[in-house]
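Student: Please read through the structure below; I'll follow up with questions.
The numbers here are math on the coordinates, done by the rules we state, and not lab data. Remember, predicted model here, so these are calculated numbers, not experimental data. Ideal geometry is used to build each Cβ from the backbone, glycine not excepted, and the neighbour counts take in all protein chains shown.
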Amino acid sequence: MNDVELASSVTALVSDAIDIGGTFGGGGRTNLDALDAERQGLEAQRDLARAWYDYLLAWLSLRWQAGTHE
């Protein structure tokens, strides 16, 4: 999964969490559903941050090995 797909997934999960929050008051969802959606959104944000960190680390490593780290 590339960064663009991961960012898109995060956006979709956050949007779903907001939608679930809106229907919770009407009894359309249970508390467990809302908490699960929030957990998934936070996991997606964590995964995005980890992917960005790995990308930067790989980029720096490549520059260092190529001798163009200045």
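Student: So how do Leu6, Leu32 line up by other beta-carbon neighbours within 10 Å, fewest first?
Tutor: The order, fewest Cβ neighbours first, is Leu32, Leu6.
Student: May I ask for the net charge around Ala51, where only other residues with Cβ less than 12 Å from the Cβ of Ala51 are counted and Lys, Arg are +1 while Asp, Glu are -1?
Tutor: -2
Student: Need the full-extension length gain, Tyr55 to His69, defined as separation in residues times 0.36 nm minus the C-alpha distance. One decimal, nm.
Tutor: Values: separation 14, 0.36 × 14 = 5.04 nm, distance 1.57 nm.
Gain on stretching Tyr55 to His69: 3.5 nm.
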